[in-house]
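Right, one structure below, let's go through it.
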Amino acid sequence: SASFSPEGQGMVIKVVFPVATPSAALDAQDSATIGALLAVGWRGPNATGDYISVADPEEPVDYRAFAYTRAGSPTNLRMPATPGTYELRYHLGSNNDIMATRLIQVQDVATRLDAPNDAPMGSVIEVDWIGPDEEDDYVAISDPNEPSNYIGYGYTRQGNPVSVRVPDTPGVYELRYHLGKGGKILATREIEVTLVEVALRASDSGDVGETLRVAWDGPDEDKDYIAVSDPAQATRFIDFAYTSVGDPVEVVLPDTPGLYELRYHNG
């Protein structure tokens, strides 16, 4: 429209035009497994800070995981660790408004561990597993009373079975399959770690600098060794030999006379 302004200031022209509302759409498969990395195709403004999230449909604000659209389409989004119906959402980065949604069913995965019922302390066991094998999933051995801490572990990406070292202390422990993202425990199996008799046999005395032969009984696990040490030093040694070289082993006695200690160490 056009009109003349007051006091002879000239013509005022008003132009009215529509402002398009940005649109968005999401494309993904209808279901995925717990912890999976899902490829989500999207169409949208891709403005600064725009992102795709996965959320509980009953939660209008909170989300379980997200990925920025700036990475391109499709973008990879980590699915929740709990089965159920969730909602994929396209958010404007400027104000978090939801521009598009799509439902997805997150399904459970059969998970199982198979291993010996018992193992000698300090040994390495082979654990067969069935599970999602997502990024950084791992099999751990833990104190049953510790819900999150572990003593030894092996990543499922290393193969099946996976190798896990059991503790040095006898007792009842728990093997666990953990999701790599978040650490959720998907399966457990009890295992008993048994005592291994350890003994050293050698002369009660020797000359300074002498090579002493030491017979031994022990687990003979990877890098176990026998050392000669100052009794006042809890961890340091003067000379040592790996049990892997055989029985007996040879160690060189110190150059200074005195009372010393022969020790069998777990590797």
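The values are calculated or read from the model by the stated rules, or taken from the named source; none is laboratory data. On a predicted model such as this, the values are computed, not experimentally measured, just so you know. Note that we place each Cβ from the backbone using ideal geometry, even for glycine, and neighbour counts take in every protein chain shown. For the accessible areas, the whole protein counts, side chains as well, though only heavy atoms, and no ligand, DNA or RNA atoms are used. Shrake-Rupley method; radii C 1.70, N 1.55, O 1.52, S 1.80 Å.
For Leu175, neighbours were defined as the other residues whose beta-carbon sits under 9 Å from its Cβ, and their charges (Lys and Arg +1, Asp and Glu -1) total 0. Were the residues from Asp27 through Asp222 laid out at 0.36 nm apart, the gain over their Cα-Cα distance would be 65.1 nm. Per atom type, the chain shows carbon and sulfur on 47% of its accessible surface, probed at 1.4 Å. Counting 0.36 nm for each residue step from Thr235 to Asp108 and taking away their Cα separation leaves a gain of 41.0 nm. Rounded to the nearest 10 square angstrom, Ile185 shows an accessible area of 60 square angstrom against a 1.4 Å probe. Most fluctuating residue of Val166, Val193, Val251 in a GNM of the chain with Cα springs under 10 Å: which is it? Maximum among the listed residues: Val251. The accessible-area ordering, largest first, of the residues Ser73, Ser31, Ser123, Ser94 stands as Ser94, Ser73, Ser31, Ser123, per a 1.4 angstrom probe.
Counting charges near Ile238 (Lys, Arg +1; Asp, Glu -1) among other residues having Cβ under 14 Å from its Cβ returns a value of -4.
Working from Cα pairs under 8 Å separated by at least six residues, relative contact order for region 75-227 is 20 percent. Would you work out the relative contact order for the chain, in percent, from Cα pairs under 8 angstrom that are 6 or more residues apart? Here the relative contact order equals 12 percent. In the elastic network of the chain, a GNM with C-alpha springs shorter than 10 Å, the most mobile of Thr156, Thr101, Thr235 is Thr235.
In this view, the solvent-accessible surface of Phe66, computed with a 1.4 Å probe and all protein chains in place, comes to about 90 Å². Using Cα springs under 10 Å in a Gaussian network model of the chain, which residue among Asp217, Asp133, Asp207 shows the largest mean-square fluctuation? In the Gaussian network model the winner is Asp207. Per residue, region 50-131 exposes 50 Å² of solvent-accessible protein surface, assessed with a 1.4 angstrom probe and all protein chains in place. Where the centroid of each part is defined by its Cα atoms, how far is region 38-112 from region 210-267 in Å? The two parts, judged by their Cα centres, are 58 Å apart. Overall, the chain carries a charge dipole of about 1760 debye about its Cα centre when +1 sits on the Cβ of Lys and Arg and -1 on the Cβ of Asp and Glu, all other atoms neutral. Taking 0.36 nm per residue of separation and subtracting the Cα-Cα distance, full extension of the segment from Ser73 to Gln158 would add 27.6 nm. Highest mean packing first, where packing is the average number of other Cβ atoms within 10 Å per residue, the peptides 253-264, 194-205 line up as 253-264, 194-205.
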